[in-house]
Structures are given as structure tokens and as C-alpha cells.
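Undergrad: Below is the structure I would like to discuss, written out as C-alpha cells.
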């Protein structure tokens with residue numbers, strides 16, 4: 001599959017991406033949050049509307065028990081279908097059958113686990129599943145969420161025909177600021193209003209794409225679209241190619257490793273979307289690979305880009321790191337194994353030699369002078385961290 005985006009990356013361009021963009025780094029840091037891409041879990045990809053207090057409690061427990069919390073996953077986000085109406089004063093009402101103790105009690109439970117609670121709303125009149133939206137209730141909903149102890153809000157874009165996205169998202173962001181609680185703000189208008197042009201300074205993350213599905217081609221589409229907007233991302237504001245599908249069963253484990261690797265290269269939010277209560281050991285190992293997570297969470301805050309060389313099915317993705325090294329993903333989009341070579345001078349590395357560490361095998365490969373080559377399985381990735389050695 002030929003990607004819709006390629007770039008002729010040369011060393012000067014790579015160096016120009018070594019510093020975060022001023023727009024997101026300075027303006028997007030509401031309450032100083034999201035200095036690195038947010039990490040957590042969201043209910044939608046696996047459970048859809050089947051959300052409940054019990055599910056959220058059990059998921060929070062599993063995030064702790066599995067080691068995900070200690071690996072950096074912090075937010076437990078309830079997506080659509082938690083609310084059913086507004087009361088006589090206009091306050092959102094949770095489904096009492098599914099959330100019998102209310103959202104505040106649930107937030108307290110999640111907080112006691114050392115985690116943050118996230119919740120969902122919509123900028124339009126209704127949510128995507130027909131529940132009450134936030135349109136006309138921005139101040140009230142922001143105060144309500146803050147009073148409940150919510151730490152993360154995802155705002156969708158259904159039932160918003162004829163409305164102006166920058167205006168409405170800024171309105172709700174300002175309402176969240178006035179509510180007085182530090183809250184991560186996730187914009188989910190599917191990239192339909194070019195959010196990379198205006199969302200830095202409004203949200204902490206903004207969707208660049210339509211919804212992901214648990215299929216290899218869908219993951220690649222979201223990768224390619226998000227890759228076009230690297231300069232919009234930086235500490236305080238991040239391009240969001242949608243939540244992770246790792247562990248949901250539609251891809252192979254090798255494809256899931258590629259999915260997770262590429263989201264790390266993109267400095268994308270790492271929001272798991274599987275059933276963490278019953279995930280396999282392999283899925284857990286993918287989601288908690290600290291070497292890969294460290295690439296995503298690197299404090300330099302640069303989104304990686306695609307190098308425009310070689311066959312389009314055999315790709316090299318590179319992300320500058322704070323220590324002067326590079327994270328490099330050798331991606332094989334084809335249906336047969338392939339040898340892929342990364343040339344260090346094309347990565348902007350000027351040292352006489354570098355050290356290479358394989359982040360999935362957790363193995364140091366040694367010192368190399370000019371290039372690194374690996375055989376990459378079909379629909380797979382080799383992800384390495386390349387660190388310059390002192391010049392002789």
C-alpha cells in the first residue's frame with residue numbers, strides 16, 4: 001500500500017524538528033498539563049455503549065495489577081453513554097442503573113488507585129449516541145465535571161452541523177479553566193476542521209483522523225494522515241491518531257507491536273482501548289514495554305517523521321530524542337519479510353559511530369559505523385534506539 005504522505009527528509013529538516021513548536025509548547029500547556037503525551041485507557045474501542053461503574057472500577061483495578069499504572073497509564077476514561085438526561089437545573093445526570101453511586105464516588109475510587117478519571121461529552125446538542133451534549137451548557141458542565149473530580153474530558157463533534165469548531169472548543173476550554181480544576185482536554189472532531197491549525201493552545205490533544213478500527217489498513221491510514229502535521233505537536237499539545245487497538249483481536253501480535261511502535265514515534269497519546277481485565281500476557285507486554293513508552297514520552301516532545309527513501313512499502317520513521325539520539329522504526333508494510341537499512345547520516349547523526357538497542361528484544365546490538373540493517377517481518381516493525389558515541 002503506497003502511503004498518501006511521503007517526505008524527502010534530509011539532515012537539516014530533521015534538525016529543524018529537534019525543538020517543539022512554539023504554538024503548542026507555549027499556548028497548549030493549560031495548567032502545565034500534558035508536557036508529554038497523555039497515557040490511559042478509554043472504554044469505547046472494546047465496550048462501546050456497554051459502560052458501567054463496575055467496568056470502570058474493575059478496569060482501574062486491572063490497570064494497577066497489570067503494571068500499566070506503573071508504566072505510565074494514568075487516565076481511566078468513560079466514553080459515550082454514561083449520561084441519560086439533564087435534571088431540572090440543567091445538570092447532567094448519570095445513568096443510575098449503570099452508575100448507581102454517581103460519578104463523584106467513582107472518581108474517588110479511581111483516585112484512590114493513584115489514577116485519574118476521564119469523562120466524555122460532545123460539543124453539539126447531543127452526543128454521538130444521542131445523549132445530552134454540552135452545547136449551551138459549557139460553563140455548567142465544566143463546573144460539574146470539576147466538582148465531580150474529573151481529570152480528563154473528551155469532547156466529540158456529533159450533532160454539530162453548521163457550528164464553528166474553533167469557537168466551540170475554545171469556549172469549553174475557557175469554561176474548564178474557569179472551573180478551577182486541572183483537566184486534560186481532548187478534542188475529537190476527527191480532523192474534519194484542520195485542528196492542527198488552531199487546536200494548539202485550545203486542547204491538550206486533538207484528533208487528526210476518523211475513527212480507527214482494529215485492522216492493519218485502518219491503522220496505516222491514521223498513521224499516514226497524522227504524519228503530515230508533525231510541526232503542530234509539542235509539549236502541552238499533541239496530534240491524536242486515535243486510541244490504541246492493541247489486544248482487541250483484529251490484528252496479529254506483530255501488527256500490534258508495529259501499531260504501538262508507530263504511535264510512540266508519532267509522540268501520540270497512548271490510550272489503551274482493550275479489556276485490560278482479561279488481556280493476554282503478550283498484550284500486557286506490548287502495552288507496558290517501557291523502552292517503547294520512553295520513546296513516546298521523551299521530554300523533547302518532537303513528533304517523528306517518515307524518511308522519503310526506498311520503496312514505499314519499506315519505511316524508515318525517525319524521532320529525535322532529548323539525549324541527542326534517535327528512535328528509528330523500520331516498518332515493513334508489505335506481505336513478505338524485507339531487509340531495511342537506516343543510514344545514520346540521513347538521520348542527522350554526525351558521530352563516528354553509534355550504539356543501537358532493539359526496543360522489542362530489549363537487546364543491545366552493539367556499535368555501528370554508518371548504517372543499521374534488519375530483516376523486518378511482513379506487517380511488522382523493528383524499533384531501535386540509536387545513541388551517538390563520542391567522536392574520536
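The values are calculated or read from the model by the stated rules, or taken from the named source; none is laboratory data. All values reported here derive from a predicted model rather than from experimental measurement. Note that we place each Cβ from the backbone using ideal geometry, even for glycine, and neighbour counts take in every protein chain shown.
Results for (1) at positive phi; (2) surrounded by fewer than 24 Cβ atoms within 10 Å (Cβ to Cβ); (3) under 18 Å from the mean Cα position of the chain (by Cα), shown as yes or no for each residue.
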position	(1), (2), (3)
154	no, no, yes
159	yes, yes, no
170	no, yes, no
176	no, no, no
188	no, no, yes
195	no, no, yes
200	no, no, yes
206	no, no, yes
213	no, yes, yes
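Undergrad: Going by the conditions given, is residue 104 touching a residue at least 24 places away in the same chain (Cβ under 8 Å), touching a strand residue (DSSP E or B) at 6+ places or on another chain (Cβ under 9 Å), under 17 Å from residue 151 (Cβ atoms) and surrounded by fewer than 21 Cβ atoms within 10 Å (Cβ to Cβ)?
TA: In short, no.
Undergrad: Would you please list the contacts, defined by Cβ atoms under 6 Å and residues six or more apart or on different chains, that run from a residue in region 213-237 that is within 17 Å of residue 269 (Cα to Cα) to a residue that is at pLDDT 95 or above and in a helix (DSSP H, G or I)?
TA: What qualifies is 219/259; 223/262; 229/196; 232/196.
Undergrad: Filter region 291-307 for residues that are assigned to a strand (DSSP E or B) and either at pLDDT 95 or above or under 15 Å from the mean Cα position of the chain (by Cα) (or both) and give the result.
TA: Within region 291-307, 305, 306 qualify.
Undergrad: With the structure loaded, tell me whether residue 330 is assigned by TED's automatic domain parsing to the domain that holds residue 371 and more than 17 Å from residue 388 (Cβ to Cβ) or whether it fails that test.
TA: Against the criterion (assigned by TED's automatic domain parsing to the domain that holds residue 371 and more than 17 Å from residue 388 (Cβ to Cβ)), residue 330 qualifies.
Undergrad: Another question, if that's okay. Is it the case that region 126-143 has a residue that's modelled with pLDDT of 95 or more and part of a strand (DSSP E or B)?
TA: Yes: region 126-143 contains one or more residues that are modelled with pLDDT of 95 or more and part of a strand (DSSP E or B).
Undergrad: From (1) surrounded by fewer than 20 Cβ atoms within 10 Å (Cβ to Cβ); (2) within 27 Å of residue 219 (Cβ to Cβ), pick out the condition that doesn't hold for residue 382.
TA: Single failed check for residue 382: (1).
Undergrad: Could you check residue 100 against (1) in a helix (DSSP H, G or I); (2) in contact with a helix residue (DSSP H, G or I) (Cβ under 8 Å, 6 or more places away or on another chain); (3) farther than 28 Å from residue 283 by Cβ and say which number it fails?
TA: (1)
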